[in-house]
1. Which value in nm describes the separation of the simple spin-label points at Ser55 and Ile24, placed 7 Å from the Cα toward the beta carbon?
2. By how many degrees, 0 to 90 and rounded to 10, does the Cα axis of helix 24-37 deviate from the longest principal axis of the chain?
3. Quick one: 3J(HN,Hα) in Hz for segment 47-55, Karplus 6.51/-1.76/1.60 with θ = phi - 60°, rounded, Gly and Pro as x.
4. Arranged from highest to lowest average of other beta-carbon atoms within 10 Å per residue, in what order do the peptides 28-37, 62-71, 8-17 appear?
5. How large is the Rg to Rh ratio of the chain when both quantities use alpha carbon positions and Rh follows Kirkwood?
6. Under unit Cβ charges (Lys, Arg +1; Asp, Glu -1), what dipole magnitude, rounded to 20 debye, does the chain have relative to its Cα centre?
7. To the nearest 500 deg cm²/dmol, what mean residue ellipticity at 222 nm is calculated for the chain from DSSP H runs of n ≥ 4 alone, each contributing -39,500 (n - 2.57), summed and divided by the residues?
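What follows draws every value from the coordinates through simple rules; no lab data is involved. A quick note: this is a predicted structure, and the numbers were derived from the prediction, not measured. Using ideal geometry, Cβ is built from the backbone for each residue, glycine included, and neighbour counts are taken over all protein chains shown.
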Amino acid sequence: MIGIRDYLRKMRLRQVCGWVFRRIDSAVTCCLAAEALGTPNVLGWHALDYSSTGSVEDARLLAHNLGLQFESCRSRASWTAT
């Protein structure tokens, strides 16, 4: 935790946004971020464009279990808008 926390401080990041999937790597990443920064400073994010309903619900449950804020949106709309 010290290394993660120190790196984020060095980069002047007080809050982070993590892409939440139903896989173990995103679960571990979100867990480490929450431990290093505190749950109010971590946002779990999930793109709806490429996800099944089950995947979105698993991501939402993961964020809930970790105490993270959770957002989901359509990413293609934001890519085509720019």
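1. For the pair Ser55/Ile24, the computed spacing is 2.0 nm.
2. Computed tilt is about 40 degrees.
3. Per-residue couplings from phi come out as 8, 7, 4, 10, 10, 7, 4, x, 5 Hz.
4. 28-37, 62-71, 8-17
5. Here Rg/Rh amounts to 1.01.
6. Details: 10 positive and 7 negative charges, 63 e Å.
That gives the chain a dipole magnitude of about 300 debye.
7. Calculated at 222 nm, the ellipticity per residue is -16000 deg cm²/dmol.
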